[in-house]
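These notes are about the structure you will find just below.
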Amino acid sequence: MATGAPRALVVSAVRETLAAARASGVLPENWARAIGERLDGLLLPSLRPVINATGIVLHTNLGRAPLARVAIDRMRSVAEGYSTLEYDLASGKRGHRTVHCGPLLAQLTGAEAALVVNNAAGALVLVLNALCAGKEVLISRGELIEIGGAFRIPDILEKSGAILREVGTTNRTHLDDYRKALSERTGAVLTVHRSNFEQRGFVTTPPPTDIATVAHDHGVPFIYDLGSGLLADLTPWNLSGEPRVGDGVATGADAIVFSGDKLLGGPQAGCLVGMDSIVSRCRANPFARAMRADKFTLAALEATLSLYHDDEQARREIPVLAMLTASPEDLCNRARVLSDRCPKTYHAQTVSGVSAVGGGAFPDTSLPTTLVSLDPGARGADALAEALRSGNPSVAARIADGRVVLDPRTIQAHEEAPLLAALESVKVS
């Protein structure tokens, strides 16, 4: 049990086991086994892989986008030794890490320039601080949204040093609302795409192209927060309503910010594209160093972006795009195979269901899928789901109609064997 384990961890396991016994008043039947189980828990890393069987493609709690194989290989290549992170091979002098993704990102989006930082919220803070510190930023009341982790746009604006100036109402904002609010105190006009919810009914929002025109007529920049970073055209798969980054650039926006680990399908990163003059100001801002991306992020993002030179290759090799565009027939076949291979005690069967995009993208879209439904037995669905989560490998599943269900859409091919092993280890009797 303790063979090879660090002495300090063994001591901690003993102390924690004793403390738990004193607190509960119940002594373990087998002290060695209890200490061993506690030690196993201490030896497990807190950040470890999870098989996502929920059908939520961009599951924020599970790390959002899984990376393409080429991105993983590129990260490994820069991890095993040194790299050209900030080294110019031609001159032998110090270079700039911005050369690794910026030009490629600008090329793919049609922007003049681009900059990559640690995440999208960081990119927004950076551009607001560089352009609007001490000045007003106009934003519609209907766009004062809260994003994941209780982070709110008004709070981000405040921390950037900009001054929030609300225009319009919650459900209706007109161009005249922007015009009337513009003054010598205005630093920029900001639009935030409502990617994680929809407004319906008596709603009016001016198109971004018109907002850009109003801003430019007054001589102030227009900032467009796109959120999800969609580069691919997913309309043939009935995924519409989420603006692509190229469309955002075409509106005339001076700066566009978006995430790298959502619909783009790369690592966590904040992407800023737009006018060269504005990107240059952001690059020179002290916050740019505080928010800069590391070599692993840049390596993975550059490799992911390179796949977008070929639309078909991108859909095939970027896991998020492959999951979103999987055909109902393929999902049905995969579900049947998985159901047949499940331990017989689960009485597995296939049922129709829906997947979700997740990640605050396409919030009102349900993707048809085929689920594998498992009978949890006497223990119940909650207990079986907990056992699967607690196993090694960990499996995150859903519960529906008193049964545990697995969605093949988010189960990758290399995860099927470990998934079956996990089901075998906790199978019902």
- line: About its Cα centre, the stretch 69-317 carries a charge dipole, from +1 on Lys and Arg Cβ atoms and -1 on Asp and Glu Cβ atoms, whose size in debye to the nearest 20 is 580 debye
- request: Pop a pseudo-label 7 angstrom from the Cα along the beta-carbon direction at both Leu47 and Thr235 and give the gap in nm to one decimal.
  value: 3.9 nm
- prompt: Could you state the number of Å between the C-alpha centres of the stretch 61-117 and the stretch 124-190?
  reply: 31 Å
- prompt: Shape call for the stretch 214-278 from the C-alpha gyration tensor, a ≥ b ≥ c root eigenvalues: rounded (a/c under 1.5), prolate (a/b greater than b/c) or oblate?
  reply: oblate
Among Ala65, Ala284, Ala188: highest mean-square fluctuation, GNM of the chain, C-alpha pairs under 10 Å: Ala284
field: Per-peptide average of other Cβ atoms within 10 Å, ordering 338-346, 160-168 highest first
entry: 160-168, 338-346
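Beyond a 24 Å Cα-Cα separation, which of these cross-linked pairs lie in this structure: Lys135/Lys295; Lys135/Lys180; Lys93/Lys295; Lys159/Lys295?
Values: Lys135/Lys295 34 Å; Lys135/Lys180 16 Å; Lys93/Lys295 18 Å; Lys159/Lys295 27 Å.
The answer is Lys135/Lys295; Lys159/Lys295.
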query: Helix 7-24: angle to the longest alpha-carbon principal axis of the chain, degrees 0 to 90, nearest 10?
result: 80 degrees
statement: In this structure, the FRET efficiency calculated for Thr84 and Glu329 from their beta-carbon separation, with R0 = 56 Å, to the nearest 0.05, is 0.80
- prompt: Among 240-248, 113-121, how do they line up from the highest to the lowest mean number of other beta-carbon atoms within 10 Å?
  reply: 113-121, 240-248
query: What residue among Val70, Leu371, Ala383 has its Cα farthest toward the positive end of the dipole of the chain, where the charges are +1 on Lys, Arg and -1 on Asp, Glu, each on the Cβ?
result: Ala383
field: Linear extension gain, Phe151 paired with Ala290, 0.36 nm per residue minus alpha-carbon span
entry: 48.1 nm
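Could you tell me what % of all Cα pairs in the stretch 69-317 have separations over 24 Å? Each step should come with its number before you reach the end.
Details: 14177 of 30876 pairs.
More than 24 Å apart: 46 percent of the Cα pairs in the stretch 69-317.
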statement: Working note, the stretch 342-403: Cα radius of gyration (Å, one decimal) and Dmax (Å, whole number) are 13.4, 38
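Once the piece of chain linking Ser390 and Arg33 is laid out straight, how much longer is it, given 0.36 nm per residue of separation minus the C-alpha distance between them?
Working: separation 357, 0.36 × 357 = 128.52 nm, distance 1.75 nm.
The Ser390-Arg33 span can extend by a further 126.8 nm.
Mind ranking 266-277, 128-139 by how tightly packed they are, going by the mean number of other C-beta atoms within 10 angstrom, highest first?
On the way: 266-277: 23.2, 128-139: 21.0.
The densest-packed peptide leads the list: 266-277, 128-139.
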message: Tell me which of Val245, Thr54, Leu321 sits at the most positive position along the dipole axis of the chain, charges placed on C-beta atoms (Lys, Arg +1; Asp, Glu -1).
response: Thr54
message: So if the hydrodynamic radius of the chain is defined as the Kirkwood radius over C-alpha pairs, what does Stokes-Einstein give as its diffusion coefficient at 4 °C and 1.567 mPa s, in µm² per second?
response: 54 µm²/s
- prompt: In degrees from 0 to 90, rounded to the nearest 10, what is the angle of the helix 381-390 Cα long axis to the longest principal axis of the chain?
  reply: 80 degrees
query: What nm value, rounded to one decimal, do you get for the distance between Leu18 and Lys180 when each label is placed 7 Å out toward the C-beta?
result: 7.3 nm
query: At q = 0.14 Å⁻¹, what log₁₀ I(q)/I(0) does a Debye calculation on the Cα points of the stretch 250-385 give, no solvent, two decimals?
result: -0.86
statement: Log entry: pair-distance distribution for the stretch 298-378, C-alpha pairs binned every 5 Å from zero, whole % per bin is 3, 13, 17, 16, 17, 14, 10, 6, 3, 1, 0
- line: Of all DSSP beta bridges with both partners in the chain, the antiparallel percent, nearest 5, is 55 percent
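None of the figures in this text is laboratory data; all of them are computed from the coordinates on show. Predicted model, so just to flag it, every value in this text is computed and none were measured. Neighbour counts run over all protein chains shown; Cβ positions are idealised from the backbone, glycine included.
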